Amino acid sequence: MEENSPKHSKYESVLAKYDTKLKDEEVRTRVADLIERKMAENNTEEVKKLLLNCLDLTTLSCTDNDESVMRFVEKVNRFDDELPDLKNVAAVCVYPNFADIAKNTLQAEGVSIACVAGGFPSAQTFIEVKVAEVALAIADGADEIDTVLPVGKFLNGDYETLCDEIEEIKETCKERRLKVILETGALQSAANIKKAAILAMYSGADFIKTSTGKIQPAATPEAVYVMCEAIKEYRQKTGNKVGIKPAGGINSVKDALVYYTIVKEVLGEEWLSNQWFRLGSSRLANMLLAEIDGDTAFRF
């Protein structure tokens, strides 16, 4: 793409409105200071209950099958009966070929069905295939779609194709929420994470999400901080509110509290509900339950 081509200028003009000249070391310092000052006050039972309610309970394994996904969803159904004083998870997240199984099994109120779709986890396939997969997932019952930003196109400067693809996928989703996974571990710098976040939001993302969990590093506090700053700046400039989803490598309640703290301090309390804040993890739910109600025998 020529540097002075009109379409190149269009996306560069969008990015030029934002502060993308970030230095990684400065970001690390700001995040470390924020966590040191603020995280301890959030280590409460009420916050842990909220984190459970913001969780996208996830199964994305090559060994998934109809029976295992059915059992996975049935645990979510049992949660309401066994722990009626707690709010259930926000969503169950499955591969698109299991959307119909999840829809036919799910009975818990207020729990959405999320599907990874559009060439997950690499986004390396034809846009026609991505759109078809998204459409099929929605037809089978998906309420939300998690799709991967074409990282190779981003790193190659092909912003036009990247944005066109996300716009087409969002058009296919219509009113259903689209979460765009930036795959922050592959983006190489805070500046790139900020640019990718802006382009994803500009193209119609309802949420921006850190990672697939398939590439390391997955979610990091620094990446989430930069994404929150991008969401804040985007809201100020456009009036549009976009959600945030740390996912990948969330291995402890402490990790979740770190992300909660960053979202609270950068974006504010209006983001602290599962309408605007999600966590993607297959192991965090039981860790949270153990700290909220260690006496319960129920586990996901």
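The values are calculated or read from the model by the stated rules, or taken from the named source; none is laboratory data. Since we're looking at a predicted model, the values are computed, not measured. In case anyone asks, the SASA skips ligands and DNA or RNA and just uses the protein heavy atoms, side chains included. Shrake-Rupley method; radii C 1.70, N 1.55, O 1.52, S 1.80 Å.
Evaluated at q = 0.19, 0.29 Å⁻¹, the base-10 log of the normalised Debye intensity for the range 34-89, with identical point scatterers placed on the Cα atoms, takes the values -0.79, -1.15. Once a ≥ b ≥ c are taken as the square roots of the eigenvalues of the Cα gyration tensor of the range 202-253, is the result rounded (a/c under 1.5), prolate (a/b larger than b/c) or oblate (a/b not larger than b/c)? Here the range 202-253 falls in the prolate category. Whole-percent P(r), the range 60-128, all Cα pairs, 10 Å bins from 0: 20, 46, 25, 8, 1.
Pairs from the table (17/179; 174/232; 209/264; 21/153; 130/153; 17/49) lying more than 27 angstrom apart at Cα are 17/49. Distant-in-sequence amide contacts of residue 22, defined by a placed amide H-H separation under 5 Å and a gap of 5 or more residues or a different chain, comprise 191. Computed over the range 27-170, the quotient of the alpha carbon radius of gyration and 2.2 N^0.38 Å is 1.27.
Counting only alpha carbon atoms, the long axis of helix 253-267 and the longest principal axis of the chain meet at about 50°. Distance distribution P(r), the range 107-258, all Cα-Cα pairs, bin width 10 angstrom from 0: 12, 43, 36, 9, 0 percent. Rounded to the nearest 10 square angstrom, residue 291 shows an accessible area of 100 square angstrom against a 1.4 Å probe. Each stretch of four or more DSSP H residues adds -39500 (n - 2.57); spread over every residue of the chain, this sum gives -15500 deg cm²/dmol at 222 nm.
According to the Cα-based calculation, Rg over Rh for the range 183-273 is 0.94, with Rh computed by the Kirkwood formula. The alpha carbon centroids of the range 148-199 and the range 207-258 are separated by 14 Å. Computed from Cα atoms, the angle from the helix 127-139 axis to the main principal axis of the chain rounds to 30 degrees. Calculate the translational D of the range 117-160 in whole µm² s⁻¹ from Stokes-Einstein, where the hydrodynamic radius comes from the Kirkwood formula applied to all Cα pairs, the temperature is 10 °C and the viscosity 1.306 mPa s. Answer from the Stokes-Einstein relation: 144 µm²/s. Each 10 Å bin from zero holds the following percent of Cα-Cα pairs in the range 171-221: 27, 50, 21, 2. What the Cα atoms of the chain give is an Rg and a Dmax of 18.7, 64 Å.
Rg over Rh for the range 237-300 works out to 1.05, using Cα positions for both radii and the Kirkwood form for Rh. Surface composition of the chain: carbon and sulfur atoms hold 45% of the protein heavy-atom accessible area at a 1.4 Å probe.
Taking amide H as placed 1.01 Å from N in the peptide plane, the amide H of residue 277 sits under 5 Å from that of 244, each at least 5 places away or on another chain. So what does the Cα-only Debye profile of the range 131-206 read at q = 0.27 Å⁻¹, as log10 I(q)/I(0), no solvent term? For the requested q values the scattering log ratios are -1.24.
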